[in-house]
1. Test of understanding: what is the full-extension gain from ARG105 to ALA71, defined as 0.36 nm times their sequence separation minus their Cα-Cα distance?
2. At 0.36 nm per residue, minus the direct Cα-Cα distance, what do ILE36 and SER89 gain on full extension? Give it in nm, one decimal, please.
3. Contact order normalised by length for the range 2-135, with contacts defined as Cα pairs under 8 Å and 6 or more residues apart; what percent is it?
4. Go ahead and run the numbers for FRET between ARG118 and LYS97, Cβ-Cβ distance against an R0 of 30 Å, rounding to 0.05.
5. For the range 23-67, which trypsin sites (Lys or Arg not before Pro) are in a loop by DSSP, counting at most 16 other Cβ atoms within 10 Å?
6. Whole number in Å², please: accessible area per residue of the range 54-135, 1.4 Å probe, ligands, DNA and RNA not counted.
7. Can you pull the one-decimal nm distance between simple spin-label points at TYR22 and SER62, each 7 Å off the Cα toward Cβ?
8. Assign unit charges at the C-beta atoms only (+1 for Lys and Arg, -1 for Asp and Glu), then state the dipole size of the chain relative to its Cα centre in Debye, rounded to the nearest 20.
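The values are calculated or read from the model by the stated rules, or taken from the named source; none is laboratory data. Keep in mind that what you see is a predicted model, and the values were worked out from it rather than measured. Cβ sites come from the backbone with ideal geometry, for glycine too, and all protein chains shown count toward neighbours. Remember, those area values only see protein heavy atoms, side chains included, never the ligands or the DNA or RNA. Shrake-Rupley method; radii C 1.70, N 1.55, O 1.52, S 1.80 Å.
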Amino acid sequence: MRGLTIGQLAEQAQVNRETVRYYERRRLLQRPSRSIGGYRVFSDDALRRLQFIRHAKVLGFSLEEIKELLALRVRSIDTCDRVRERTLSKIADIERKIGVLQEIRRALGDLVSACSRRRKTDECPILDSLQTDGI
């Protein structure tokens with residue numbers, strides 16, 4: 001096992017050092033061992049976990065969901081089925097968010113249209129809408 005300093009680990013995983021420390025506090029990464037000089041020494045497994053976390057975040061998983069997925073990495077008979085269920089749930093969540101974003105896009109488009117129809121003396125419909133919570 002080769003040891004990695006926090007800087008080396010962060011660089012190889014393409015995150016910053018504070019991210020590594022944060023994930024330690026959230027118990028997504030195990031506390032590293034210490035060298036004789038007192039430096040924290042991370043294992044190759046810490047690098048793999050950090051890469052897993054980063055990739056899962058890119059796919060939209062929350063840190064709590066990632067923690068569950070990491071726990072499921074321990075091999076068992078139904079691991080794949082449980083991960084599949086969590087992934088299907090994440091897809092449904094993304095679909096809901098897409099729907100909300102489409103509604104927001106439509107509302108903003110309506111405001112832009114209203115803005116283009118206004119006369120010079122009219123108030124700005126976009127600012128009015130934001131003021132009155134009219135979206």
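1. Going from the current span to full extension adds 8.5 nm.
2. Between ILE36 and SER89, full extension yields 14.5 nm more.
3. 15
4. According to the calculation, E is roughly 0.40.
5. ARG26, ARG27
6. Value returned for the range 54-135: 82 Å² of accessible area per residue.
7. 1.5
8. Here the size comes out at about 580 debye.
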